[in-house]
Amino acid sequence: MPDALDLLKTRRSLKPLEMTGPGPSPAELETILTIGARVPDHGKIVPWRFIVFEGDARAKAGEIFAKVFRAKNVTATPDQVETEKKRFTHAPLVIGVVSKTSKHPKVPPWEQELSAGASAMNIVHAAHALGYVANWLTGWMAFDRDVLNALGLNEDEKIAGFIHIGKSERPTDDRPRPALSDIVTRF
């Protein structure tokens, strides 16, 4: 297992189209989800939960995406509909991070949403630590109420991200990063 700082320095995203299997084992998935749940959670209100898409569930989600996409894009070509249908089938595992904010006297919704975001990032880092690649995506389906309802989300829940996890057959390239001098100020 890499040193923690090296791990953080070497994390890269990989497009799901470029991912291969196998995906995490059941024990590794439990580790990933456990680490996903170890985030700041002011008020101990657990403002997030996870939906695991693996095996046939990935294609089942794709059927939902294709059906909703087709209904809302009547001029869509069969190829476009097929693209939506296959969206979750490239990576062997997709974890949906669901954000749920509730009224709380001390914890504003923004902090609850940040907690869900921290959970998603922990999932990405845990996957990387276990030797997988991950990509945190949303896409139109993360914001479409019909899709969210079909995936079992309540009206007060939204998707913080879909984390695609798999293996890479090649080293992942880094993208340009901002220079600290461009993003850091001192007060």
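Every read-out reported here was derived from the displayed coordinates using simple, explicitly stated rules and does not represent laboratory data. Because the structure is a prediction, the values reported are computed rather than measured. Note that we place each Cβ from the backbone using ideal geometry, even for glycine, and neighbour counts take in every protein chain shown.
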Percentage relative contact order, the chain, counting C-alpha pairs under 8 Å, at least six apart: 33
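May I ask which of Lys44/Lys106; Lys85/Lys167; Lys85/Lys158; Lys15/Lys100 have a Cα-Cα span longer than 18 Å here?
From Lys44/Lys106; Lys85/Lys167; Lys85/Lys158; Lys15/Lys100, over 18 Å: Lys85/Lys167; Lys85/Lys158; Lys15/Lys100.
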Net charge of neighbours whose Cβ lies under 10 Å from the Cβ of Met141, counting Lys and Arg as +1 and Asp and Glu as -1: -2
Pairwise FRET efficiency - Ser13 versus Lys67, Cβ, R0 = 22 Å, nearest 0.05: 0.20
Structure-based [θ]222 nm, the chain - -39500 (n - 2.57) summed over DSSP H runs of at least 4, per residue, nearest 500: -12000 deg cm²/dmol
Proximal charge balance of Ala127 [Cβ under 14 Å; K/R count +1, D/E count -1]: 0
Taking region 69-149 and dividing mean pair separation by its residue count, relative contact order in percent (alpha carbons under 8 Å, at least six apart): 14
Difference of contour (0.36 nm per residue) and Cα-Cα distance, Glu82 to Val46: 9.4 nm
Two-decimal log10 I(q)/I(0) for region 10-166, as the Debye equation yields it once each C-alpha is a single scatterer, q = 0.12, 0.17 Å⁻¹: -0.52, -0.98
